Amino acid sequence: MIEGINIRCNVGGVEVLRSPRIVLSLRRRAVVSTCEVDIPDADASVQAALAQASAVATQEVTDEDSNGLRGIRSKETAVAIRKPSELGNGYRKQAVKVRFGHRGEGGTWHEWAGTVKDFQPAGPDAVRVFAVGLEQALIDTTVTEAMHGEPADVVARRILASTGLPVAGISIPTETFPHIVFSRVTVARAIKQLASSLERSWGHDLSKHAVWLGAAGLYWSDGDEPGDVFVVETAANLITNSPNPAGMSYAVSTILPGLTASRRVRIRDTRRGFSGLVRAEEVIHTLGADGNTTTIGYGYDGGWG
């Protein structure tokens, strides 16, 4: 079991206070964060509860879609913005909340929220839940929109807001589009389309821009997530450091609750004579019987999406 760490997880209607394995993956270049949670389930009751909730949710959404379609004539145009809550995937109806932090008063807690994507047995006495972050709305929400004479940042804010998630910051060129059309594309695809139009029409370089869900909401920027700088150093919390000038470098530390991709990290590796302020391009928190660690990928920006 996880030692020295408190965990509080909710998966659907199941409360999880202990887990043999949790892996939370946050990547700046990825559209969606992911989490895997192993839940003790010797009597298979957890798997049965998850399966039953999924079946009920899927049937409810199927019924809603069927009822809605009865009122639409064959030649009529349907919805302009399709929200993720309308999709007929029961797994996504089940909320997942993961919290972990060091034991004791005043410690930092890491909080992550998402929805169940799938689950499967993880040995004879556990079930493994695969969850996706709230950024899934960037993929599940589609837009059909035509805009005229709007600045690029206004267009971006409107598109991102259609997910239902708060929009915290947009840092892109503010060129005005005479006309731009999005035809039944996902929000993630619409953002890529907007970036491509800015690059082709005005020569801007948005290859280092990323969209991520931070503490305050969605960002589209080539900058960093606001917050204090995390420190990883020899003789304190650094376990290994593998600099790679030609690609992604990786540092492994003891668990760092609160660290997410796009945050700044100060790495001091006296063994290799390395000291630098870097951006976390990847953050993987692993909690389990073999130890609790945070793996930080830095130094290579592979773009977004």
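The values are calculated or read from the model by the stated rules, or taken from the named source; none is laboratory data. Just so we're clear, the structure is a prediction, and the values are computed from it rather than from any experiment. Here Cβ is always computed from backbone atoms with ideal geometry, including for glycine, and neighbour counts include all displayed protein chains. Keep in mind that these areas ignore ligands, DNA and RNA; they rest on the heavy atoms of the full protein, side chains included. Shrake-Rupley method; radii C 1.70, N 1.55, O 1.52, S 1.80 Å.
Looking at (1) under 16 Å from Leu238 (Cβ atoms); (2) under 18 Å from the mean Cα position of the chain (by Cα); (3) not aliphatic (A, V, I, L, M), which is the only condition Thr254 fails?
So the condition that Thr254 fails would be (2).
Gly302: in a loop (DSSP other than H, G, I, E, B) and either at pLDDT below 95 or under 30 Å from Leu160 (Cα atoms) (or both), yes or no?
Criteria met by Gly302.
Only one residue in Ala113, Ala131, Ala137 is in contact with a Ser or Thr (Cβ under 7 Å, 6 or more places away or on another chain), at pLDDT 95 or above, in a strand (DSSP E or B) and not polar (S, T, N, Q). Which one?
Ala131
From the list Thr286, Thr293, exactly one residue is in a strand (DSSP E or B), open to solvent by 20 Å² or more (accessible area, probe 1.4 Å), free of Cβ contacts under 8 Å to residues at least 60 places away in the same chain and of a type in the set (S, T, N, Q). Which is it?
Thr293
Being crowded, with 18+ Cβ neighbours inside 10 Å and in a loop (DSSP other than H, G, I, E, B) is the requirement here; does Ile172 meet it?
Answer is yes for this residue.
Would you confirm, using the coordinates I've provided, whether Ala261 is aliphatic (A, V, I, L, M) and over 25 Å from the mean Cα position of the chain (by Cα)?
For Ala261, the condition - aliphatic (A, V, I, L, M) and over 25 Å from the mean Cα position of the chain (by Cα) - is not met.
Can you name the condition, by its number, that Thr260 falls short on among (1) open to solvent by less than 20 Å² (accessible area, probe 1.4 Å); (2) assigned to a loop (DSSP other than H, G, I, E, B); (3) of a type in the set (Ser, Thr, Tyr)?
(1)
How many residues does the range 187-212 hold that are in contact with a Ser or Thr (Cβ under 9 Å, 6 or more places away or on another chain) and open to solvent by 40 Å² or more (accessible area, probe 1.4 Å)?
2
Any residue that is under 29 Å from Pro40 (Cα atoms) and either at pLDDT below 95 or not in a strand (DSSP E or B) (or both) - is there at least one of those in the range 234-256?
yes
Taking Val265 and the conditions (1) crowded, with 17+ Cβ neighbours inside 10 Å; (2) outside any strand (DSSP E or B), which numbered condition does it fall short on, given that it satisfies the others?
Only one criterion is unmet by Val265, namely (2).
Kindly provide the set of residues from the range 257-283 that are aliphatic (A, V, I, L, M) and either without any contact (Cβ under 8 Å) to a residue 60 or more places away in the chain or in contact with a Lys or Arg (Cβ under 9 Å, 6 or more places away or on another chain) (or both), ordered by number.
Ala261, Val265, Ile267, Leu277, Val278, Ala280, Val283, listed by residue number.
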